[in-house]
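A.B. asks: The structure is given below, and queries will be raised subsequently.
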Amino acid sequence: MPGPDAENPTPQEQETEQQNKDHLHRERLLSGLSHKLEAVKGGVELRPALAQFAGEMEAVLKQNDHKGGWKDCPMEYLRDRLHQEVRELDRALLGSGGQYDPSAVAKECADVANFAMMLRDNVGG
């Protein structure tokens, strides 16, 4: 949760953010290796970029496993969270001083994709 001044995070927030970045970097490296093993799902070979991105999505989902999943979440909640994550992605792309942090953008992209996936999963079909 951001401190009172989102532009100036507390040292604890900075440390937590760095730990998240480090974790995502490790997960990204692992997913990069695994996609080279020809990720196959349902007989469809995944493009390397898609396999890597799916690994990043899974890393974020695993970080949030303690929340219990999305099957019982109302569609309105998931939709609202998707919109919130898109706004966070916009902020990450704008960056600080005109420069964005690639790991922050990657995390927000995974968040957006995960909420879209949750909506898709819950509608079935």
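A.B. asks: Look through segment 31-56, keep the residues that are out of contact with any Gly (no Cβ under 8 Å at 6 or more places or on another chain) and part of a helix (DSSP H, G or I), and return whichever of them is modelled with the lowest pLDDT.
C.D. replies: Per the criteria, the residue is 33.
A.B. asks: If you don't mind, another one. I'd like to verify a number: residues in segment 58-77 that are buried (at least 18 other Cβ atoms within 10 Å of the Cβ) and not β-branched (Val, Ile, Thr), how many?
C.D. replies: Total satisfying the criteria: 2.
A.B. asks: May I ask you to list the residues in segment 89-125 that are of a type in the set (S, T, N, Q) and over 11 Å from residue 57 (Cα atoms)?
C.D. replies: 96, 99, 103, 122
A.B. asks: Is it true that residue 12 is surrounded by 13 or more Cβ atoms within 10 Å (Cβ to Cβ), in a helix (DSSP H, G or I) and at pLDDT 80 or above?
C.D. replies: Judged against the criteria, residue 12 is not a match.
A.B. asks: If I filter segment 74-125 down to residues being in contact (Cβ under 8 Å) with a residue 40 or more places away in the chain and among the small types (Gly, Ala, Ser), which single residue comes out as farthest from residue 22 (Cα to Cα)?
C.D. replies: 113
The values are calculated or read from the model by the stated rules, or taken from the named source; none is laboratory data. Everything numeric here is computed off the predicted structure, so don't read it as measured data. Using ideal geometry, Cβ is built from the backbone for each residue, glycine included, and neighbour counts are taken over all protein chains shown.
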